[in-house]
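The values are calculated or read from the model by the stated rules, or taken from the named source; none is laboratory data. Just so it is clear, the model here is predicted, and its values are computed rather than measured. Virtual Cβ from ideal backbone geometry, glycine too; neighbours counted across all protein chains shown.
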Amino acid sequence: MTSDELSLQISAVQSEKDRLELLFSEYIGDNVLVQKERNVKSHKEGMWNLIDDLTDAFSRSNPLTHELFSYSKEMKSEGLKGFFNHMT
């Protein structure tokens, strides 16, 4: 692995970490980064809440009716329908 490839890989991992931290903080309404034990617990609870919501959404006959997908401005209805059609 070259130095440039390693730098790109490190950058990609850091970006993914940032996206996950943003997901955690947005979903649980906490803007504090995971650095302390209580924050770790808070993030775990938030992640379990998200998992429960996703499980509930995907167990429905029409997952698009779940509130998780009602505020997805970035997603177009055609794309969501295509995604769910591939899931079945």
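Within segment 1-12, track down each residue that is at pLDDT below 85 and aliphatic (A, V, I, L, M). If the condition is that a residue be at pLDDT below 85 and aliphatic (A, V, I, L, M), then 1, 6, 8, 12 are the ones that fit. When the residues of segment 62-72 are filtered to those that are out of contact with any Lys or Arg (no Cβ under 8 Å at 6 or more places or on another chain) and not in a loop (DSSP other than H, G, I, E, B), the one that is farthest from residue 83 (Cα to Cα) is 67. Restricting attention to segment 62-88 and to residues that are within 13 Å of the chain's Cα centre (by Cα) and surrounded by 13 or more Cβ atoms within 10 Å (Cβ to Cβ), the residue that is modelled with the highest pLDDT turns out to be 68.
Considering segment 15-61, and only residues there that are outside any helix (DSSP H, G or I) and either among the small types (Gly, Ala, Ser) or at pLDDT 80 or above (or both), the residue that is farthest from residue 82 (Cα to Cα) turns out to be 29.
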